[in-house]
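Report on the structure given below.
The values are calculated or read from the model by the stated rules, or taken from the named source; none is laboratory data. Just so it is clear, the model here is predicted, and its values are computed rather than measured. A quick note on method: Cβ atoms are made from the backbone with ideal geometry, for glycine too, and the neighbour counts reach across all protein chains shown. Note: areas computed on protein heavy atoms with side chains; ligands, DNA, RNA excluded. Shrake-Rupley method; radii C 1.70, N 1.55, O 1.52, S 1.80 Å.
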Amino acid sequence: MSVDVLLGLQWGDEGKGKIVDVLTQDYDIIARFQGGPNAGHTLEFDGIKHVLHTIPSGIFHKKAINIVGNGVVIDPIIFKKEIDALNKLEVDLTKKLLLSKKAHLILPTHKILDAASEKAKGKSKIGSTLKGIGPTYMDKTGRNGLRVGDISSSEFKNRYDKLVAKHSRMLDNDFMDFDLDSLEKEWFEGIEVLKSFTHIDSEHYLHQAQKEGKKILAEGAQGTLLDIDFGSYPFVTSSNTISAGACTGLGIAPNKIGDVFGIFKAYCTRVGSGPFPTELFDEVGEFIGKVGNEFGATTGRKRRCGWIDIPALKYAIAINGVTKLMMMKADVLSNLVNIQVCTHYKYNGELIDYLPFDASEDTIEPVYKELAAWKEDLTKLSSIDNAPSQLIDYIDFLEKELETPIVVVSVGPDRTQTLNR
Ligand code: GDP
Ligand code: IMO
Ligand code: MG
């Protein structure tokens with residue numbers, strides 16, 4: 001049985017959490033393959049909003065098994081908070097949530113190193129979520145990291161102390177007065193919570209499940225344009241957010257990937273620094289941000305807003321091998337005077353339709369095609385057949401340009417506000 005992959009095609013926050021929750025009824029297993037608590041995946045149903053950071057977005061369904069894969073980095077402090085919140089809602093977790101022994105741990109000092117790195121960069125900072133993501137992946141590739149499977153070792157505390165000592169040597173004076181004792185207390189409480197879950201060799205578990213014909217969905221975090229290799233480097237995260245990340249982050253063989261669901265907003269947002277060719281600095285951008293409630297689910301930061309970007313989407317579709325597209329937040333565009341679609345960039349005096357190496361405001365200029373907007377409120381639509389003709393034209397135009405079917409149009413944050421095509 002092949003494994004389907006769901007991921008973001010833009011700069012994150014496309015609405016992945018909502019769609020994973022909607023799709024989970026069709027799957028036996030939901031497995032997160034990369035990222036960590038930099039992610040904020042929002043789900044809404046029965047009038048309640050939930051935000052998940054580390055835990056896969058299938059957790060609210062009774063039957064599905066949820067796996068945190070080897071490619072994920074876990075902060076025990078944040079993990080404990082997520083578990084406490086789910087316990088309050090009486091979500092049964094013990095049998096449904098499994099952790100890869102190979103997932104790496106975020107230490108308190110990783111977060112301090114993240115803050116120190118951002119401070120040192122000054123104006124050219126990444127705008128990191130300050131969750132310690134970069135330093136933790138650096139220790140992973142530097143072969144210094146601690147993993148979930150190490151927790152049960154008698155050497156664990158010793159290895160922890162050694163890594164903290166190494167981090168302390170890396171920090172400059174500004175950051176030397178951090179209160180490690182209180183951070184450590186919380187961290188080791190989180191370690192106890194991690195211990196109470198089942199730790200598995202998730203690659204073996206998933207291979208067995210594939211043999212048994214189980215349906216598996218791999219859940220991505222962040223988005224393609226934040227990928228460490230293919231994103232707008234250095235303004236990216238530190239993992240492979242693309243479909244290949246599901247192979248390395250779960251041990252899924254490339255020839256076992258089935259559908260790749262590419263999630264995108266009907267416009268674009270970005271939080272943190274870095275190039276954003278179609279960014280709006282006017283009242284239209286303000287309008288989209290306000291109606292779309294574009295504030296980060298993890299940091300609360302205001303998201304930058306702009307028009308949809310076809311060259312960037314084409315790039316993301318090609319890199320991921322997207323088979324099906326899902327368009328989110330169409331409802332946010334109601335009541336605009338018109339909609340602009342970036343179809344090309346002007347680059348060195350030429351028209352191109354791909355993302356060049358140096359895609360900054362200084363080198364590329366977006367070229368737009370204007371489409372008609374609609375006045376109707378979409379949030380109560382129960383079928384795409386009743387959608388305003390301008391929305392249908394917008395979808396048809398995008399589908400033709402992107403040469404990939406748009407199978408879902410989302411018209412609100414709730415599970416029920418999801419239209420199939
Ligand atoms: P993720 O990181 O990709 O899971 O996305 P986030 O949860 O960070 O951000 C998406 C935001 O948009 C959340 O607040 C969702 O509740 C909300 N959302 C998702 N789909 C829709 C939609 O179709 N319309 C509206 N208005 N909001 C949506
Ligand atoms: P989800 O899964 C949006 C951004 C940060 C920053 C850059 C690097 O909710 O879509 P990091 O903390 O990873 O070192 O930050 O990446 N970023 C996200 N932006 N959604 C996310 O996750 C993000 N995770 C990281 O704002 O620009
Ligand atoms: Mg998010």
Q. Being open to solvent by 60 Å² or more (accessible area, probe 1.4 Å), touching a residue at least 24 places away in the same chain (Cβ under 8 Å) and not hydrophobic (A, V, I, L, M, F, W, C), is that true of even one residue in region 241-255?
A. yes
Q: Taking the residues in region 271-285 that are open to solvent by 20 Å² or more (accessible area, probe 1.4 Å) and touching a strand residue (DSSP E or B) at 6+ places or on another chain (Cβ under 8 Å) as candidates, determine which candidate is farthest from ligand 2 (Cβ to nearest atom).
A: Leu280
Q: Would you point out the residue of region 27-62, among those that are among the β-branched types (Val, Ile, Thr) and within 12 Å of ligand 1 (Cβ to nearest atom), that is nearest to the chain's Cα centre (by Cα)?
A: Thr42
Q: Would you point out which residue out of Lys80, Lys96 is in contact with an Asp or Glu (Cβ under 8 Å, 6 or more places away or on another chain), touching a residue at least 24 places away in the same chain (Cβ under 8 Å) and not polar (S, T, N, Q)?
A: Lys80
Q. Quick check: anything in region 83-97 farther than 23 Å from Leu325 by Cα and either within 14 Å of ligand 2 (Cβ to nearest atom) or among the hydroxyl-bearing types (Ser, Thr, Tyr) (or both)?
A. yes
Q. In region 386-421, what count of residues is obtained for those that are assigned to a helix (DSSP H, G or I), farther than 19 Å from Phe261 by Cβ and in contact with a helix residue (DSSP H, G or I) (Cβ under 9 Å, 6 or more places away or on another chain)?
A. 3
Q) Restricting the search to region 1-49, which residues are over 25 Å from Ile77 (Cα atoms), within 10 Å of ligand 2 (Cβ to nearest atom) and polar (S, T, N, Q)? A) Gln10
Q: Those residues that are farther than 13 Å from Leu217 by Cβ, in a loop (DSSP other than H, G, I, E, B) and modelled with pLDDT of 95 or more, I need them from region 47-58; list them, please.
A: His53, Thr54, Ile55
Q | Count of residues meeting criterion [within 13 Å of ligand 3 (Cβ to nearest atom) and either of a type outside the set (A, V, I, L, M, F, W, C) or open to solvent by less than 10 Å² (accessible area, probe 1.4 Å) (or both)] in region 36-78 | A | 14
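Results for (1) surrounded by 15 or more Cβ atoms within 10 Å (Cβ to Cβ); (2) within 16 Å of ligand 2 (Cβ to nearest atom); (3) among the basic types (Lys, Arg), shown as yes or no for each residue.
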position: Lys131; (1), (2), (3): yes, yes, yes
position: Tyr160; (1), (2), (3): yes, no, no
position: Ser196; (1), (2), (3): no, no, no
position: Asp227; (1), (2), (3): yes, yes, no
Q. Residues of region 1-34 being in a loop (DSSP other than H, G, I, E, B) and buried (at least 24 other Cβ atoms within 10 Å of the Cβ), which ones?
A. Leu9, Gln10, Trp11, Gly12, Asp13, Glu14, Phe33, Gln34
